[in-house]
Amino acid sequence: MSSPDATGVLAEIRDKLALLTRLEAEHGFGVVIEGPAPLEPLPDLPGVAEVYGLVGRVEGDNFRFKPPKEITSPAAWSAYTVDPDDPMGSPLAIGHEVWSVPRGLRGEIEGGASIFLDTEDLEVYWMEPDAYIFQYEHPDEDVEYTVLAPDLATFFNERVFGPGYPDLVATVLGPGVRDERLRKGRHAGEYADNWRRLLITAGLSS
């Protein structure tokens, strides 16, 4: 993560987080933006610890993202093992959709379906849970998955903190969830998703 382009993306993430944190404090959308914990770089995962050195837990109505426990220390990473029976190579879950989890249970349940980081090529991708199960049962069959970004920094910069967020919602949860609007209250007519409303207020997405 030492190239000028990568450094520039990290700077953009830092600036966006500062802006979003300030706007959340001013407007109270109800999102969660927590600071990161110090992390040591992991040679096997270039750029990953650098991103999580900026991004702690972020959560809105539809998603929860936080550093995977497997990368929180070199010891934790050393203890990580690839399941030889996992046809996807035991990717890391970098976040979960929480739209399907009742609000009263979100403090107890990590989340619904996962968004993954491939530990070999470092792409971030989405795969339907049923497709993952199918791949276990039929490892020689091709299954569909959607690459969301070529790396973790690009994913957060464009898909979580940027203009690609509505497409992320549509890909994982469907266009109906992406386009859902509030029907009553002082925010009637606005998008139901509080994270999207925060991004719109910040001028980072539509």
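The values are calculated or read from the model by the stated rules, or taken from the named source; none is laboratory data. Predicted model only: the values in this text are computed from it and were never measured. Every residue, glycine among them, receives a Cβ derived from its backbone with ideal geometry; neighbour counts consider all protein chains shown. Calculation scope for accessible area: heavy atoms of the full protein, side chains included, ligands and nucleic acids excluded. Shrake-Rupley method; radii C 1.70, N 1.55, O 1.52, S 1.80 Å.
Some notes on this structure:
- Accessible area in square angstrom per residue, region 1-149, 1.4 angstrom probe: 54 Å²
- Residue-averaged [θ]222 nm for the chain, counting only DSSP H segments that reach four residues, each worth -39500 (n - 2.57): -9500 deg cm²/dmol
- Most fluctuating residue given options 108, 97, 40, as computed from a GNM of the chain linking Cα atoms under 10 Å: 108
- Centre separation in Å (Cα based) which lies between region 163-206 and region 57-134: 23 Å
- Computed accessible area, residue 156, all protein chains, 1.4 angstrom probe, square angstrom: 0 Å²
- Here region 120-173 has 44 percent of its accessible surface on carbon and sulfur atoms, given a 1.4 Å probe and all protein chains in place.
- Considering the chain, its Cα convex hull presents a mean projected area of 12.3 nm².
- Shape of region 71-164, Cα gyration tensor, a/c cut at 1.5: rounded
- The residues packed around residue 194, meaning those with a beta-carbon under 11 Å from its beta-carbon, carry a net charge of -3 if Lys and Arg are +1 and Asp and Glu are -1.
- Within a straight-line Cα-Cα reach of under 21 Å, residue 16 can be paired with the following lysines, leaving aside sequence neighbours fewer than 8 residues apart in one chain: 66.
- Of 26, 70, 190, the residue with the greatest mean-square motion in the GNM of the chain, using alpha carbon springs below 10 Å, is 26.
- Taken along its principal axes, the alpha carbon cloud of region 46-116 reaches lengths of 35, 32, 18 Å, longest axis first.
- GNM result for the chain, Cα springs below 10 Å: residue of 126, 195, 77 fluctuating most strongly: 77
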